[in-house]
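Have a look at the structure below before the remarks.
Quick note: the coordinates plus some simple rules give every number you see, no bench work behind them. Everything numeric here is computed off the predicted structure, so don't read it as measured data. Heads up, the Cβs are rebuilt from the backbone with ideal geometry, glycines too, and the neighbour counts pull from every protein chain shown.
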Amino acid sequence: MTKRITLKCSANDGTPLEATFAPDRGMNLTSYKRGSTEVIDQSTSPLFEERCAGLGALIGPHFHHRNPKVTPPVANDSLFPHLAAIKKRGTTEPFSHGIARYVPWQTEATENTVQAIVTGKDEWQGVPLADLEGQDFTITYDATLTSEGLNIRMTVRSDTDSVIGLHYYYNLPKGTGSITSDVRNTCMENGIERELDSKWNLDNQNVLRFDLGDEADYGFRPSKDPCGGTIILDAGDYRLRTRYQTGCAENSWQLYHPKGSSFVCIEPLTAEDPRKPQLTVSILDALLTIET
């Protein structure tokens, strides 16, 4: 049975707040609630069980898929059952979005805080994580649940340029919603920078309102503050405000919403182009506030 850590607190109006993590399964944020309002899409649990995707997954030390030329081979696939499902999908990357989301983390917790760490020297199924990721690294994840919301500080220190981020699957109870954030006039799509679509609602203050009736897999960068941004998800039954800072201009956020899906992912990252990170040390501070 997967271990769970649940943080508890109350909002300023007395409404209970709860955040639940699975430290043995990549520090996945399996639930985040204000009262009875659950913002993590529970229907993505099968993805989590199958291959550590879905629910509240993490990113790091790499984004999406590595170049096959530099991806270390896995000596024994049978040690890692998720690889069978991945290969059925025709995917060659064994650990999409980085090894950190797949493995047990070391943790210490109180009623409303958790401190977690994973390193390349840790072993999973008897294999050092550095051998699976292709480099040594240390990632920390500290979370504190306060009346304002879930405060997260995530850090990485690595041998080669790396990226960290949040890949949380937020519930769209009405099947749609909207995203509002200040952004630059260009976005990243499949690693290529391009102009924003003319049909997107971008005002003269560079505030984008993206209708989640459309599919999305785009990377945006903040326009007002080069070191971080604020992204507001209006899901109808609730609003989620994501505020993040990285302390430097190496940051962006990915918006991922497959057409017709029950979720949207808002992914703050410590790289302008997460496929080409530029830092061996980076910090991500984020505050996730549920508004009902």
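Treating only the Cβ of Lys, Arg, Asp and Glu as charged (+1, +1, -1, -1), what charge dipole size does the chain show about its Cα centre? Round to the nearest 20 debye.
Numbers: 29 positive and 39 negative charges, 68 e Å.
Result for the chain is approximately 320 debye, rounded to the nearest 20.
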Taking θ as phi - 60°, what are the ³J(HN,Hα) couplings along segment 272-281 by the Karplus curve (6.51, -1.76, 1.60), each to the nearest whole Hz, with x for Gly and Pro?
-> 5, 10, x, 6, 9, x, 10, 10, 9, 10
Applied in sequence order to segment 123-135, the curve 6.51 cos²θ - 1.76 cosθ + 1.60 (Karplus, θ = phi - 60°) yields integer Hz couplings, x standing for Gly and Pro, of 10, 10, 6, x, 10, x, 5, 4, 5, 7, 8, x, 6
The value for segment 42-164 (convex hull of the alpha-carbon atoms, volume per residue, Å³) is 117
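Grab the DSSP H runs of the chain that are 4 residues or longer, score each as -39,500 (n - 2.57), total them, divide by all residues and round the 222 nm result to the nearest 500 deg cm²/dmol. Don't skip to the answer; put the middle values down first.
On the way: 3 runs with 19 residues, N = 292.
Mean residue ellipticity at 222 nm (helix-derived): -1500 deg cm²/dmol.
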Hey, can you rank 162-168, 127-133 by average C-beta count inside 10 Å, highest first?
-> 162-168, 127-133
Computed ³J(HN,Hα) along segment 197-207: with the Karplus parameters 6.51/-1.76/1.60, θ = phi - 60°, integer Hz and x for glycine or proline, the list is 4, 5, 7, 6, 8, 10, 8, 6, 9, 6, 8
Long-range amide H partners of ASN201 with built H, under 5 Å = ARG209, ASP211
Taking only the alpha carbons of segment 5-291, what extent do you get along each of the three principal axes, in Å, biggest first?
-> 52, 45, 36
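Once fully extended, how much extra length lies between GLU291 and ILE117, figured as 0.36 nm per residue of separation less the alpha-carbon to alpha-carbon distance?
Details: separation 174, 0.36 × 174 = 62.64 nm, distance 2.98 nm.
So the extension gain works out to 59.7 nm.
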Taking amide hydrogens as modeled 1.01 Å from N in the peptide plane, which residues meet the under 5 Å criterion relative to CYS9, leaving out close sequence neighbours?
-> LEU17
Interchain or sequence-distant (5+) residues whose placed amide H lies within less than 5 Å of the amide H of ALA216 are HIS257, LYS259
Among the GluC sites (Glu not before Pro) within segment 64-131, which fall in a DSSP loop and have no more than 12 other Cβ atoms within 10 Å of their own Cβ?
-> GLU111
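What range in the chain is the longest one free of trypsin sites (Lys or Arg not before Pro) that are in a loop by DSSP and have at most 12 other Cβ atoms within 10 angstrom? Each step should come with its number before you reach the end.
Numbers: sites that count: LYS3, LYS69, ARG89, LYS121, LYS174, LYS199, LYS259.
Longest run free of exposed loop sites: 4-68.
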If unit charges are put on Cβ atoms (+1 for Lys and Arg, -1 for Asp and Glu) and the dipole of the chain is taken about its Cα centre, the option from THR44, PRO277, GLN245 lying farthest towards the positive end turns out to be THR44
